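Heads up: the structure comes next, in structure tokens.
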Amino acid sequence: MTLDATAPTERDTRWTAPGAASYVATAPGSSDSVLVGARAAGVHRRRVARALFVMVVVFLGPLVAPRTAQPASRDALTAAIVDHGTVDLGRYRSMLGIDHAIYEGHLRSDKGPGQPALAAPFYAAARLVGVPAVSAESPVRGDLMLWWLTLWSAVVPFALLGALVYRRCARAAPRTALVATFAIMGGSIALPHAVNLYAHALSALLGYAAYSLIADRVATRASMFFVGLLAAAAVATEYHLVIVAVVVAALAARRNARLVGWCALGAAGPIAALAWYQARAFGAPWHTPFAYYAGSLGGTTHGGYSAPRWPWFYDAMLGNRGLLITSPIVLVGVAAAIGLVVVGHARRPEAVVALVVFAAYVVLVAGWSGTPWLEEPGPRYVIPAIPFLAVPLALCWSQVRGVASIAALWGGFLMVAATTTVVLVATNDTPLNAYVNRVAKHRFLPSVWSIEFGTAGIWLYAASAALAVYSLIRANSVQ
């Protein structure tokens, strides 16, 4: 296929093909006018990114999801740390589902500590103003403490991730950046996990932010320090983010090997905190929660990761809740990245990174024992790889507009339904059947608006959403 790359609006020496860096200097008009244009483009990107962030928070922030096994394991650990100064979850035994671990007879969370630790100050602040503590008697539905923790450690990170994705797309392909961002973030499995207390949105933000620092900026001691800090924090949040961390470390070494020590210095803090937590919770710094998982998955407590298997790969990619069915726009993004590599586009290195990260995550889910038993729509462990496909998708949008639009609309329909109802689907059901039935029966999640104001809250929610959309449209139209 033929790619029509959008001309850059400012000099970008990170992914520019040889000879292309002279674009700014040779553009029509004086150098001063070109510089002013580049600055105006930067202001526009920031304005739209802020409006996009606000819109996402306004749309997703008020939704109050129920406490399922994944959120229960997370908010119980936060509550145990803040209220009791312990990592033991014995007090919360009756509220925990299959997501738990047992070490020497003591109940533990089976999750990485990053998200529960980040949520701790927000939990403490809520307790100060009288919000009830998490306890074994906490309600499954309508729990405002669970909503509060989800807002700050899932919704806000997802909104920040969307803004970051847009800004990177806008530097590469200004005309298609916003539509590509909406397609990849709103039409994929990333969306519904942003309103439930999982750590995928937070870990994806940390990992992609670390990559963005090394990809878009000149390597300095400060930037390398923060690259290491963010990458290590991502691993402490979700262990499988080590995939992104390795890729980022390789890029850092290639960019400036002499400054890699600063990257390691930045990583030291989160890694030390993770080691301390694992020593306290599981007896040794190198003991991870996975080794002590005690929930029943597929009728057995024996799980974790193994060599990839074809049936699990099929489930993740082509099954009734695989990417082809639930998030086809992700596969369009993969095809776009392949196209950039084949034609030798100026951003070919970025496409290669996207393909490497995505392939590694596909191998991961093809070897994860939980893949056949997923109750979420799609292989959720792939979520951190999705932002990496956004820039290739934006660059190729004009060439794949038809199939990309269909894929985004289909995925958006399913994912909005999953976001506004209940994300989980029984293993013997299909996402399409489950979500259509829930929408048809108006089984939507409550919002803080409806909980507080009843029916009037629905109109308040709609009004705030309309205002947020208007603000985004206005921000994007003002040049």
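Any idea what log10 I(q)/I(0) is at q = 0.06, 0.07 Å⁻¹ for the chain, Debye with uniform C-alpha scatterers and no solvent? Taken in order of the listed q values, log10 I(q)/I(0) reads -0.26, -0.36.
With a Förster radius of 25 Å, plug the Cβ-Cβ distance of F290 and D88 into 1/(1 + (r/R0)^6) and report the FRET value to the nearest 0.05. Provide the component values of the computation, followed by the final result.
Values: r = 18 Å, r/R0 = 0.74.
After rounding to 0.05, the efficiency reads 0.85.
Other residues with beta-carbon under 15 Å from the beta-carbon of R127 carry, at +1 per Lys or Arg and -1 per Asp or Glu, a net charge of -3. Other residues with beta-carbon under 12 Å from the beta-carbon of T427 carry, at +1 per Lys or Arg and -1 per Asp or Glu, a net charge of -3.
Relative to the first principal axis of the alpha-carbon coordinates of the chain, what is the inclination of helix 221-237, with its axis defined by its Cα atoms, in degrees from 0 to 90 and to the nearest 10? Helix 221-237 and the main axis of the chain meet at about 40 degrees. The stretch 182-217 and the stretch 44-107 have their alpha-carbon centroids 17 Å apart.
Sort 115-126, 257-268 by packing, meaning the average of other beta carbons within 10 Å per residue, with the highest value first. Working shown, then result.
Working: 115-126: 20.1, 257-268: 17.2.
Sorting 115-126, 257-268 by mean packing, highest first, produces 115-126, 257-268.
Taking the C-alpha atoms only, the angle from helix 242-255 to the longest principal axis of the chain is near 30 degrees.
Per-residue ellipticity at 222 nm computed for the chain from its helices equals -19000 deg cm²/dmol, with DSSP H segments shorter than 4 residues left out and the rest contributing -39,500 (n - 2.57).
Specify whether the C-alpha gyration tensor of the stretch 222-374 places it in the rounded, prolate or oblate class, a ≥ b ≥ c being the square roots of the eigenvalues: rounded for a/c under 1.5, otherwise prolate if a/b is larger than b/c and oblate if not. Mind showing how you got there, number by number?
Working: a/c = 2.95, a/b = 1.02, b/c = 2.90.
It is oblate, given that a/c is not under 1.5 and a/b is not larger than b/c.
Other residues lying with their Cβ under 13 Å from the Cβ of L118 contribute a combined charge of 0, Lys and Arg counting +1, Asp and Glu -1.
From the Cα trace of the stretch 27-149, what convex hull volume per residue do you get, rounded to a whole Å³? Display every interim value, and only then the final one.
Working: hull volume 20.4 nm³, N = 123.
Convex hull of Cα atoms, per residue: 166 Å³.
Per-atom-type breakdown for the chain gives carbon and sulfur 66% of the accessible area (1.4 Å probe, protein chains only).
Each part gets one Cα centre, and for the stretch 456-479 versus the stretch 234-254 those centres are 37 Å apart. When both the stretch 384-398 and the stretch 263-295 are represented by their alpha-carbon centers, they are found 33 Å apart. Per residue, the accessible area of the chain comes to 42 Å², computed with a 1.4 Å probe over protein heavy atoms only.
Structural descriptor for the stretch 131-194: relative contact order 25 percent, calculated from alpha carbon pairs under 8 angstrom and at least 6 residues apart.
Ordered by packing density, taken as the mean number of other Cβ atoms within 10 Å over each peptide's residues, highest first, how do 173-180, 248-255, 401-408, 147-154 rank? Kindly include the intermediate steps, with their values, before the conclusion.
On the way: 173-180: 21.2, 248-255: 18.6, 401-408: 16.9, 147-154: 23.8.
Packing order, densest peptide first, comes out as 147-154, 173-180, 248-255, 401-408.
For the chain, the longest principal axis of the C-alpha atoms and the axis of helix 260-282 are separated by about 10°.
Find the Cα radius of gyration of the stretch 199-306, compare it with 2.2 N^0.38 Å by division, and give the number to two decimals.
Details: Rg = 15.7 Å, N = 108, 2.2 N^0.38 = 13.0 Å.
Computed over Cα atoms of the stretch 199-306, the ratio equals 1.20.
For the stretch 347-434, what does the alpha-carbon gyration tensor say about shape, rounded, prolate or oblate, given a ≥ b ≥ c as the root eigenvalues, a/c under 1.5 as rounded, and a/b over b/c as prolate? Provide the component values of the computation, followed by the final result.
Working: a/c = 2.91, a/b = 1.34, b/c = 2.17.
Cα axes put the stretch 347-434 in the oblate bin.
Applying the criteria of a DSSP loop state and at most 13 other Cβ atoms within 10 Å to the trypsin sites (Lys or Arg not before Pro) of the stretch 424-479 yields K441, R443. Look at the dipole of the stretch 73-208 built from charges on Cβ: of L161, L118, G105, the Cα furthest out on the positive end belongs to L161.
So, with +1 on the Cβ of K and R and -1 on the Cβ of D and E, and no other charges, what is the size of the charge dipole of the stretch 325-479 about its Cα centre, to the nearest 20 debye? Before the final figure, lay out each step's value.
On the way: 8 positive and 5 negative charges, 61 e Å.
It comes to approximately 300 debye.
With a/c under 1.5 counting as rounded, go ahead and sort the stretch 301-456 into rounded, prolate or oblate using the C-alpha gyration tensor (a ≥ b ≥ c being the square roots of the eigenvalues; past the cut-off, prolate if a/b is larger than b/c, else oblate). Oblate.
The values are calculated or read from the model by the stated rules, or taken from the named source; none is laboratory data. Model, not experiment: these values are computed from the prediction. Backbone-built Cβ (ideal geometry, glycine too); neighbour counts: all protein chains shown. The protein model used for the area step is the full one, side chains on, heavy atoms only, and it has no ligands, DNA or RNA in it. Shrake-Rupley method; radii C 1.70, N 1.55, O 1.52, S 1.80 Å.
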